[in-house]
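Encoded as structure tokens, the structure appears first; notes follow it.
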Amino acid sequence: MTVKPMTVKEVTKKVISKDQLFILDVRNHDAFGDWKIEGENFEYLNIPYFDLLDGVEDIVDKLPLNKQVLVVCAKEGSSVMVAEMLSETGLSVHYLKGGMKAWSEYLEPVKIGDLKGGGSLYQFVRIGKGCLSYMIESQGEAIIVDAARMTEHYETFANENNILIKHVADTHLHADHISGGRKLAEKVGGTYYIPPKDAEEVVFDFAELQEGKEILVGGTKVIVQPLYTPGHTIGSTSLLIDDKYLLTGDILFVESIGRPDLAGKAEDWVADLRESLYDRYKKLDGGLMVLPAHFSKVSELGENGKVTASLKELYERNEGLNLESDKFRTLVTDNLPPQPNSYQEIRQTNMGKLKPDEEEQREMEIGPNRCAVHN
Amino acid sequence: MNADKFLDAKGLACPMPIVKTKKAMDQLEYGQILEIHATDKGAKNDLSAWAKSGGHELMEHTEENGVLKFFLKKG
């Protein structure tokens, strides 16, 4: 029977449309336990490829005949080997093209809506890692917010739609993924913005992303308004766009809130986080669409894969916005999930102090994002 | 450490380092030692997991200039 590749884009479509898929993950148990392809209707079997070198006869019975089977490994090689062995027994299976490496690096662009001043807002869903970045476009110009390391995704999208990237901003100094912000700004000749309080150790030039300093996109039509909301980091800054959208960075998520400990200062920043969530956001219009920099679970993916909810809705149902002061402190300082892989090295890289090559950057980013207080 | 057999798996991508390691181990006697050099970063975790499931002992592993060196004792 045949062995066919399945692309990360095809798997993404299955996640979004909640299709069924049987995943035979042949990475070692630790890697699988730490991070896998999540889908609401996906089933899993994890058997390391090195336990199948003598043959796959023992696992054939465990694979369904009525579902698509996708063999997954870290970089593709082992999944092809196992898929071929399965095919020799008469099964028809797919392997994941590019493996988990490709899964981690894929971004799906999803249109969120139009802007009153003309233009559109797009969410780029990094489905494998739960990172969300944004393009706000007006009159052929754009700002990219919280860019991933794989900047070619934004450049290709901009070229295809005749858009010029003029500004690139990070809402905070990221600890879970390597920012593509500075690289992208350099490539397109744009300005790179980062909150000054997060940039005290940054070793390159930047523009300040600061409350009161508005960014105009496409002439005077769309205003990006920074709002200082510390707590995940001391500089964390939200962006208010077109009086309709609120980019919350890693402060507020749809089903959770940001953790204050990734820069080693959980106790110091609890009060800041509380004030941002319970005071600063509360004064804003409840009709604003919250657009966070992460999601944790695929259940947060809505229509076409978009991750969003109104601020009012989050005040009603997000646990992190509905706690007494002492319970809030416990939630954000005790029993936090493990920290993201290599988070200290990632912070140093985003400051420009470490300069890992592409392969090292990839290794540093392996695994889920874990920027929320809930897993 | 003195090895009874040496396997150069440098430049090989997963799954080849383990496929070759398994073949080399099959030719060794109980208690003999195989030295493996590899450059695929994934080999580190996979080799120790494979050794454990196969009853072999990973006696030593080091990393020098991007080359991973393993000493496996056949069990």
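Before moving on, here are some points about what is shown:
- Subtracting the Cα-Cα distance of residue B:44 and residue B:60 from their residue separation scaled by 0.36 nm leaves 4.6 nm.
- With the charge dipole of chain A set up from +1 on Lys and Arg Cβ and -1 on Asp and Glu Cβ about the Cα centre, the Cα lying farthest toward the positive end among the listed residues A:110, A:249, A:90 is that of A:110.
- With 23 Å as the limit, the listed pairs B:20/B:73; A:67/B:23; A:13/A:183; A:213/A:312 have A:67/B:23; A:13/A:183; A:213/A:312 beyond it between alpha carbons.
- Dipole magnitude for the protein assembly as shown: about 520 debye, using +1 per Lys or Arg Cβ and -1 per Asp or Glu Cβ, origin at the Cα centre.
- Listed values for segment A:358-373 are Karplus-derived 3J(HN,Hα) couplings in whole Hz (6.51 cos²θ - 1.76 cosθ + 1.60, θ = phi - 60°), namely 4, 5, 5, 4, 4, 4, 5, 8, 4, x, x, 7, 6, 9, 9, 6, and x replaces Gly and Pro.
- Potential extension, residue A:268-residue A:44 segment - 0.36 nm per residue separation minus Cα distance: 76.5 nm
- Take each residue in B:10-21, count the other chain C-beta atoms within 10 Å of its C-beta, and the mean is 4.
- Cα-based shape type of chain A, given that a ≥ b ≥ c are square roots of the gyration tensor eigenvalues and the cut on a/c is 1.5: prolate
- Residue by residue along A:57-69, Cβ atoms of other protein chains within 10 Å of the local Cβ number 0 on average.
- Pair residue A:225, residue A:297: separation of 7 Å Cα→Cβ label points (nm): 3.4 nm
- Between residue A:204 and residue A:20, the FRET efficiency estimated from the beta carbon spacing at R0 = 35 angstrom works out to 0.15.
- Since only B:66, A:224, B:47 are under comparison, the one whose Cα sits farthest along the positive direction of the charge dipole of the protein assembly as shown, derived from C-beta charges on Lys, Arg, Asp and Glu, is A:224.
- Charge dipole of segment A:13-169 (Cα centre as origin; +1 on each Lys and Arg Cβ, -1 on each Asp and Glu Cβ, all else neutral): 580 debye, rounded to the nearest 20.
- Each peptide among A:13-25, B:18-30, A:246-258 gets the average number of other Cβ atoms lying within 10 Å of its residues, and from highest to lowest they stand as A:246-258, A:13-25, B:18-30.
- Comparing A:151, A:269, A:333 along the charge dipole axis of chain A, the residue lying farthest to the positive side is A:151, per the Cβ-charge model.
- Lys, Arg +1 and Asp, Glu -1 on Cβ, resulting dipole of chain B about Cα centre, debye, nearest 20: 200 debye
- Gap separating the Cα centres of segment A:144-159 and segment B:1-74, nearest whole Å: 40 Å
- Were the residues from residue A:279 through residue A:92 laid out at 0.36 nm apart, the gain over their Cα-Cα distance would be 61.7 nm.
- Residue A:193 long-range amide H proximity, modeled H, under 5 Å: A:168, A:169, A:170, A:207
- Helix-only mean residue ellipticity at 222 nm for chain B, each DSSP H run of n ≥ 4 adding -39500 (n - 2.57), per residue, nearest 500: -9500 deg cm²/dmol
- Segment B:5-58: C-alpha gyration tensor shape, a/c 1.5 cut-off, then a/b vs b/c: oblate
- Computed over chain A with a Gaussian network model linking Cα atoms closer than 10 Å, the most mobile of A:110, A:270, A:203 is A:203.
- For the segment B:48-55, counting C-beta atoms of other chains within 10 Å of every residue's C-beta and taking the mean gives 3.
- Global form of segment A:245-310, assessed from the alpha-carbon gyration tensor, a/c cut-off 1.5: oblate
- Computed from the C-beta positions of residue A:304 and residue A:357, the FRET efficiency with R₀ = 35 Å rounds to 0.50.
- Unsatisfied cross-links (Cα-Cα over 32 Å) in the set A:327/B:52; A:101/A:244; A:62/B:52; A:18/B:41: A:327/B:52; A:101/A:244; A:18/B:41
- FRET efficiency estimate (nearest 0.05) - Cβ-Cβ, residue A:335 to residue B:4, R0 56 angstrom: 0.70
- Near residue A:370, no amide H atom lies under 5 Å from its own; only residues 5 or more places off or on other chains count, and H is placed 1.01 Å from N.
Just so you know, all these numbers are worked out from the coordinates, no wet-lab data involved. Note that this is a predicted model, so its numbers are computed, not measured. Every residue, glycine as well, gets a Cβ built from its backbone with ideal geometry; the counts of neighbours run over all protein chains shown.
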